[in-house]
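A.B. asks: Supplied in structure tokens, the structure appears directly below.
The values are calculated or read from the model by the stated rules, or taken from the named source; none is laboratory data. The model shown is predicted, which means the values in this text are computed figures rather than measured ones. Reconstructed Cβ throughout: ideal geometry from the backbone, glycine too, with neighbour counts over all protein chains shown.
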Amino acid sequence: MNRKWVTMGDVARAAGVGKITVSRALRTPSKVSADTLEKVQKAVMELGYVRDETAGALSSQRSRVVGALVSTLEQPVFASTIRGLEEGLSAGGLQLLLGSTRYQPEKEALMVSTLLGRRPDALVLTSSDHTEDTRRLLSGAGLPVIELWELPEVPIHAAVGFSNRQAGRDMARHLIASGRRAPVFLRTERASDTRADMREKGYLDALEGHAPRIHSVSPREDQGGPDYGAEGLAQVLQRWPDTDAVICVSDALAVGALCEARRRGIDVPGALAVTGFGDIDVAGAAALDLTTVRIDGAAIGREAARLTLAACDGEDIKGTRIDLGYQLIRRATG
């Protein structure tokens, strides 16, 4: 297919005005007459004209675009963060360009390089696990980089999140304090899931003499989070029949584990506590009533947008670390 973009000249000819008049009508409509504005708008609609922002970006050194790379689009935990980020950026006149790295640092490296070629005003990343080449590229790019959902000691520029390790520690301590003696940490086996790694370390911190029990489920393309949770609980009970609590790395796994426990007729929470992480909608008291960790994802997104806009206005955000914390939500499953 031979693609031909509709140009401003095409609009000018259709409206019977000059290109400068079209430009003025699109950028500052108050400076043209109502009759001229109507002609231009009609031509734009009929021709399907989209304004080319590249020339303006070259002259102003601003693309008005922010690139965001999230670890996955399959889990709802990031949806509120992206919503808060998009709303905050939009209010400041910036547009969001979104991609998923699927927890793969090598894919992130490729996507970062591609995004930088688009000359974004900033980059937002939901991971702090980068290849050395990516870190070097980001550090030398001359644009703000905001890392979310984690709090690295030395962020590339700024970070907004919470302590995943402390959250994992608090959940494990809660279960042990409530009388659980054989809690298992259940996760998916991803080499580059730093948030899961930190929650696992928090679990280990809290054991205080209890034997560590960590089980990972191998990821497969045809499975989602609940599938991993159901499969994982079955494997855990076969491996450790005396398990009395399962600390799932996410609510998605916890949903599957809880459903598997009920299929087996296991008393939850009497014989088995099941906990998650994220407080997705289905985890609430009106649905599964799942004990979990609540994260204000929208607040993380809004704060990231605020930092991005501040940096674009010349504010130095280097070294900023904003801890928005979390809540341990105790419900019926543990």
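A.B. asks: Residues of segment 57-71 being at pLDDT 85 or above and either of a type in the set (Val, Ile, Thr) or at negative phi (or both), which ones?
C.D. replies: Matches in segment 57-71: Val65, Val66, Gly67, Ala68, Leu69, Val70, Ser71.
A.B. asks: I want to confirm something. Restricting to segment 274-289 and keeping residues that are assigned to a strand (DSSP E or B) and within 13 Å of Leu328 (Cβ to Cβ), which single residue is modelled with the highest pLDDT?
C.D. replies: Going through the qualifying residues, I end up with Thr275.
A.B. asks: Determine, yes or no, whether Gly278 is more than 20 Å from Val65 (Cα to Cα) and in contact with a Pro (Cβ under 6 Å, 6 or more places away or on another chain).
C.D. replies: Here the answer is no, as Gly278 does not meet what is asked.
A.B. asks: Name the single residue that is farthest from Ala298 (Cα to Cα) among those in segment 108-130 being surrounded by 15 or more Cβ atoms within 10 Å (Cβ to Cβ) and of a type in the set (Ser, Thr, Tyr).
C.D. replies: Ser128
A.B. asks: Determine the pairs where a residue that is assigned by TED's automatic domain parsing to the domain that holds Val70 and over 20 Å from Ile317 (Cβ atoms), located within segment 127-142, has a partner that is of a type in the set (Ser, Thr, Tyr) and not in a helix (DSSP H, G or I) with Cβ atoms under 9 Å apart, the partner being 6 or more residues away or on another chain.
C.D. replies: These pairs meet every condition: Asp129/Tyr103; Asp129/Ser192.
A.B. asks: If we scan segment 162-176, do we find a residue that is at pLDDT below 95 and either within 18 Å of the chain's Cα centre (by Cα) or under 27 Å from Val293 (Cα atoms) (or both)?
C.D. replies: No, every residue in segment 162-176 fails to be at pLDDT below 95 and either within 18 Å of the chain's Cα centre (by Cα) or under 27 Å from Val293 (Cα atoms) (or both).
A.B. asks: In the list Ala68, Ala91, which residue meets the criterion of being assigned by TED's automatic domain parsing to the domain that holds Glu132, crowded, with 19+ Cβ neighbours inside 10 Å and of a type in the set (A, V, I, L, M)?
C.D. replies: None of the others qualify; the one that does is Ala68.
A.B. asks: Assess whether Asp281 counts as being under 19 Å from the mean Cα position of the chain (by Cα), among the acidic types (Asp, Glu) and farther than 20 Å from Ala182 by Cβ.
C.D. replies: Yes.
Residue by residue, here is whether (1) in contact with a strand residue (DSSP E or B) (Cβ under 7 Å, 6 or more places away or on another chain); (2) surrounded by 14 or more Cβ atoms within 10 Å (Cβ to Cβ) holds:
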site	(1), (2)
Arg181	no, no
Leu186	yes, yes
Asp193	no, yes
Met198	no, yes
Asp205	no, yes
Glu208	no, no
Ile214	yes, no
Val217	yes, yes
Gln223	no, yes
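A.B. asks: So how many residues does segment 65-90 have that are outside any strand (DSSP E or B), farther than 13 Å from Ala304 by Cβ and hydrophobic (A, V, I, L, M, F, W, C)?
C.D. replies: 3
A.B. asks: Select from segment 233-273 the residues that are small (Gly, Ala, Ser) and assigned to a helix (DSSP H, G or I) and list them in ascending order.
C.D. replies: Ala234, Ala252, Ala254, Gly256, Ala257, Ala261
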